[in-house]
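Contents: one structure, followed by commentary.
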Amino acid sequence: MSFQIIGTGSAYPAASITNDDISKFVDTSDEWISTRTGIRSRRLAWDETVSDYAVHAAQGALENAGTKPEELDLIICATARGEFLTPSLACVVQSRLGAGCPAFDINAACSGFLYALDAAEGWFARGRASRVLVVAAEQMSELVNWNDRSTCVLFGDGAGAAVLAPGEGLQSICIHAKGSTEELRIACAQGNSPFAKPRENSPFLQMDGKGVYKFAVSAMCHDLEQAIEQAGLSQEEIDLVLPHQANIRIIETAIHRLNIPAERYRTNIDRYGNTSAASIPILLDELNRAGELRPGMMLALTAFGGGLTSGACVIRWTK
Ligand SMILES: CC(C)(COP(=O)(O)OP(=O)(O)OC[C@H]1O[C@@H](n2cnc3c(N)ncnc32)[C@H](O)[C@@H]1OP(=O)(O)O)[C@@H](O)C(=O)NCCC(=O)NCCS
């Protein structure tokens, strides 16, 4: 037994910050950001916490699924960092929803939603769950260095969620990791032990943009090919591709290398930037609410990011 998606939700901070807004604080321009990345604006938290919009996304997904919090058997949150190291973001969401089920976080950076779906699938396979809530939520604005123009312009804050139920929606899923701290890392804050040697670690996201770019294109192509083949489908049979929204040029390069018609790819990076693990479920919710998803459609989801991690899956839309 596998799962089907029966509801989606998304939420983000109220403030929409344009490239021109950022240019007032950082040596950059709308022209540079939009041509190099496809990003025009992003949502950034002012007084919201990541828990706030994670809960709103979860509530939207539950409502869309016609599911009550007390019916949930499991909550998995995909996040690089919740509001607290402990309790996990999943436990905070569980408490604020009024649910009573087990809850845990997964950190697979931008691939977190795919990793969470893979973990959830195991609960259905073991017959442990009939309703699972997956929430992906990130507050990247707290993790990037706002003095580093090469990274701060790329990211945004937001959350996306999905409610899963038993069914035959999931056709295939693959997840991968190629452990490396070289291309992308965010160091943990150091404690204040008087017995520990001070580390010279920036607490902010550090990235080799070109290294990540190369990894992203090859992971996206490889993983999509693998997931589609495992589903027993040809690339032409995929109705919609929902790629992780990191850089429009990464998606365009992958489009040229694959055999899925370009008009089947969906993007919203222009409005949200890179929301890490949240990017795919936010896009999925937008498509669901816009009525773009019809029963029987084959959706291919593909993500890549820090770790380095990546993953892809094929889901038959059943809602
Ligand atoms: C980050 C990224 C957009 C940079 O694009 P790029 O074409 O590789 O640009 P470069 O790093 O070569 O920088 C080119 C120039 O632009 C400058 N630049 C960098 N950021 C800038 C900004 N925000 N505004 C203006 N100029 C900027 C650089 O200083 C450099 O100037 P120089 O040539 O005088 O040294 C691109 O590499 C990328 O998207 N990588 C993948 C990142 C990613 O997706 N990460 C998340 C993974 S989930």
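The values are calculated or read from the model by the stated rules, or taken from the named source; none is laboratory data. Treat the numbers as computed from the prediction; the structure is a model and nothing was measured. Note that each Cβ is placed from the backbone with ideal geometry, even for glycine, and that neighbours are counted across all protein chains shown. With ligands, DNA and RNA removed, areas are computed over all heavy atoms of the protein, side chains included. Shrake-Rupley method; radii C 1.70, N 1.55, O 1.52, S 1.80 Å.
Tell me the volume per residue, in Å³, of the convex hull enclosing the alpha carbons of the chain.
135 Å³
Would you list, by chain and number, the lysines whose Cα falls below 19 Å from the Cα of Lys68, excluding same-chain residues fewer than 8 positions away?
Reachable lysines: Lys319.
For the chain, set up a Gaussian network in which alpha carbons nearer than 10 Å are linked by springs, and say which option among Gly291, Gly209, Gly66 fluctuates the most.
Highest fluctuation of the listed residues: Gly291.
Let's test this: bin the Cα-Cα distances of region 163-318 at 5 Å from zero up to the farthest pair and state each bin's percent.
2, 9, 17, 20, 18, 12, 8, 6, 4, 3, 2, 1, 0
Sorted by accessible area (1.4 Å probe), largest first, how do His244, His176 line up?
From most exposed to least exposed: His176, His244.
Could you work out how far apart the two model spin labels at Ser193 and Leu85 are, taking each label as a point 7 Å from the Cα in the direction of the beta carbon, and quote it in nm?
1.1 nm
Taking the convex hull of the alpha carbon atoms in region 226-319, what volume per residue do you get, in Å³?
So the per-residue Cα hull volume is 101 Å³.
Can you give the % of DSSP beta bridges in region 1-151 that are antiparallel, to the nearest 5?
Antiparallel: roughly 25 percent of the beta bridges in region 1-151.
Give the cross-link partners of Lys214 among the aspartates and glutamates, using a straight C-alpha distance below 12 Å as the criterion and excluding same-chain residues fewer than 8 apart.
Glu183
Ignoring chymotrypsin sites (Phe, Trp or Tyr not before Pro) that are buried or in helix or strand per DSSP, and keeping those with at most 15 other beta carbon atoms within 10 Å, what is the longest stretch of the chain between them? Each step should come with its number before you reach the end.
Numbers: sites that count: Phe25, Trp46, Phe84, Trp146, Phe195.
Longest site-free region, per DSSP loop and neighbour criteria: 196-319.
Looking at region 2-152, I'd like the Rg to Rh ratio, where Rg is from alpha-carbon atoms and Rh is Kirkwood's inverse mean 1/r. Display every interim value, and only then the final one.
Working: Rg = 17.3 Å, Rh = 16.6 Å.
Rg/Rh: 1.04.
What's the extension gain from His256 to Glu70 if we count 0.36 nm per residue and subtract their Cα-Cα distance?
On the way: separation 186, 0.36 × 186 = 66.96 nm, distance 4.59 nm.
Length difference between fully extended and current span is 62.4 nm.
If I build a Gaussian network model for the chain, linking alpha-carbon pairs within less than 10 angstrom, which residue out of Pro194, Pro281, Pro69 has the largest mean-square fluctuation?
Pro194
Give the dimensionless ratio obtained when the Cα radius of gyration of region 172-230 is divided by 2.2 N^0.38 Å.
Dividing the Cα Rg of region 172-230 by 2.2 N^0.38 Å gives 1.66.
Whenever you get a sec, compute what percent of the accessible area on region 2-168 sits on carbon and sulfur atoms (1.4 Å probe).
48 percent
Taking every DSSP beta bridge with both residues inside the chain, roughly what % is antiparallel (nearest 5)?
Roughly 70 percent of the beta bridges in the chain run antiparallel, per DSSP.
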